[in-house]
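The values are calculated or read from the model by the stated rules, or taken from the named source; none is laboratory data. Note that the structure is a prediction, hence the values are computed from the model and not measured. Note that we place each Cβ from the backbone using ideal geometry, even for glycine, and neighbour counts take in every protein chain shown. Note: areas computed on protein heavy atoms with side chains; ligands, DNA, RNA excluded. Shrake-Rupley method; radii C 1.70, N 1.55, O 1.52, S 1.80 Å.
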Amino acid sequence: MTTIRRVAILGGNRIPFARSNTVYSQASNQEMLTATLQGLVDRFNLHGLRMGDVVAGAVMKHSRDFNLVRESVLSTTLAPETPAFDIQQACGTGLEAAMLVANKIALGHIECGIAGGVDTTSDAPIAVNEQMRKILLDASRAKTTGQRLAALARFRPGMLFSPALPRNGEPRTGLSMGEHAELMAQEWHISREAQDALALQSHEHLARAYADGFFTDLMTPFKGATQDNNLRTGLTLEKLAALKPVFDKKVAPGKGTLTAGNSTPLTDGASAVLLASEEWAAARNLPVLAYLSFSEVAAVDFFDKKEGLLMAPAYAVPRMLARANLTLQDFDFYEIHEAFAAQVLCTLDAWKNPTFCKERLGLDKPLGEIDRTKLNVNGSSLAAGHPFAATGGRIVATLAKLLAQKGSGRGLISICAAGGQGVVAILER
């Protein structure tokens with residue numbers, strides 16, 4: 001019978017995150033992921049080693065990104081015999097990748113692996129419009145010159161001016177992520193002031209972490225960038241208050257609370273995490289930062305039942321706590337992904353709301369409040385930025401190092417994702 005093994009997190013690496021159309025505007029997904037993986041290989045001297053698996057993904061992909069992760073691995077100094085594959089679970093991709101690698105290690109299928117993610121919104125996969133695409137496909141399928149010319153004769157110059165652009169929105173509602181988050185803020189009565197305060201705190205915490213050198217062994221400079229360029233060290237509540245709402249016109253005219261300051265910007269970047277069995281780590285004299293002990297995923301019906309699109313973590317966490325026999329207060333750190341300040345605040349309010357916890361979560365009593373001084377202590381996505389699939393790896397590596405510095409303890413990870421999904425996990429040391 002297979003014995004379930006503990007899964008060690010040995011470290012992580014990422015390139016600095018960059019706002020869309022800035023320093024990485026010419027960088028592809030493969031370039032960024034390769035640089036991130038190579039930085040991890042260099043830091044842990046993995047040159048020539050055959051890893052058990054490398055699992056990563058991107059939310060925004062070109063057709064040229066076929067086999068993206070395997071191709072990136074082949075561009076590093078890892079052994080070319082290292083297998084790799086792509087996954088995608090929207091913003092939960094990076095954490096889901098870590099869970100997949102961890103499960104293989106726990107079951108003894110592999111001894112070590114790398115999980116990660118990458119995304120670019122600068123190098124967006126713009127496609128030709130649907131009419132033009134069908135013409136090109138018909139032309140490629142043509143068996144005679146006449147058939148090919150007949151297909152191409154349907155082409156009209158106007159088709160060049162209406163490309164199919166990628167959208168950061170939900171296909172079933174037609175609303176953007178920000179519009180859904182605004183709806184949640186209205187439902188939960190999350191004030192603009194509370195959102196701005198959380199955003200300011202994120203920037204202050206990230207700035208302090210950089211000043212303390214926290215990210216020195218978690219980051220590889222890339223294309224001249226040495227730290228996240230979304231970080232605003234001179235930010236104030238007054239500056240945040242001066243920003244106009246940006247997601248209210250369709251869903252809450254005149255009552256908007258979400259701004260460019262309390263929402264994450266479109267971001268480019270990549271991250272990776274090294275996981276292994278304790279035996280593999282000991283054989284290479286690599287210290288263990290923390291262990292990935294529990295995980296859970298959940299999804300909500302945001303279409304028919306009208307649950308908030310980004311509320312799935314509120315459902316996933318209590319299920320995980322029940323399996324782990326823990327309470328919401330049994331943690332030293334809380335890493336709650338700041339897709340929007342409103343998403344974090346809605347989730348925290350839901351966990352202490354008796355009606356929500358009873359009627360929607362089926363609990364006898366509310367989960368209660370958390371100690372806010374333990375929340376995102378080194379900043380999170382509002383300050384660092386949010387390259388969709390790369391956020392999970394950033395958070396896992398950050399939390400593992402926090403636990404290693406403390407010497408013991410437990411941390412909770414919560415990530416919301418498109419499609420009404422949530423991915424959560426517990427790290428322990």
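Please find, among A139, A181, A199, the residue that is more than 30 Å from T226 (Cβ to Cβ), touching a strand residue (DSSP E or B) at 6+ places or on another chain (Cβ under 9 Å) and either in a loop (DSSP other than H, G, I, E, B) or open to solvent by less than 60 Å² (accessible area, probe 1.4 Å) (or both).
None of the other options fit; the residue is A181.
Residues that are within 21 Å of M311 (Cα to Cα) and open to solvent by 10 Å² or more (accessible area, probe 1.4 Å): does the range 402-418 have at least one?
Within the range 402-418, one or more residues are within 21 Å of M311 (Cα to Cα) and open to solvent by 10 Å² or more (accessible area, probe 1.4 Å).
Could you count how many residues in the range 332-356 are more than 27 Å from T267 (Cβ to Cβ) and either open to solvent by less than 10 Å² (accessible area, probe 1.4 Å) or touching a residue at least 12 places away in the same chain (Cβ under 8 Å) (or both)?
Of the residues in the range 332-356, 6 are more than 27 Å from T267 (Cβ to Cβ) and either open to solvent by less than 10 Å² (accessible area, probe 1.4 Å) or touching a residue at least 12 places away in the same chain (Cβ under 8 Å) (or both).
When the residues of the range 207-228 are narrowed to those that are open to solvent by less than 50 Å² (accessible area, probe 1.4 Å) and not hydrophobic (A, V, I, L, M, F, W, C), which ends up farthest from H386 (Cα to Cα)?
So the residue we want is G213.
Taking the range 68-90 only, how many residues are touching a Leu at 6+ places or on another chain (Cβ under 9 Å), part of a loop (DSSP other than H, G, I, E, B) and in contact (Cβ under 8 Å) with a residue 12 or more places away in the chain?
7
Among the candidates T93, T76, single out the residue that is closer than 23 Å to Y24 by Cα, within 19 Å of the chain's Cα centre (by Cα) and among the hydroxyl-bearing types (S, T, Y).
Exactly one residue qualifies, and that residue is T93.
Hey, can you tell me all the residues within the range 91-114 that are closer than 13 Å to G392 by Cα and part of a loop (DSSP other than H, G, I, E, B)?
The one that is closer than 13 Å to G392 by Cα and part of a loop (DSSP other than H, G, I, E, B): G92.
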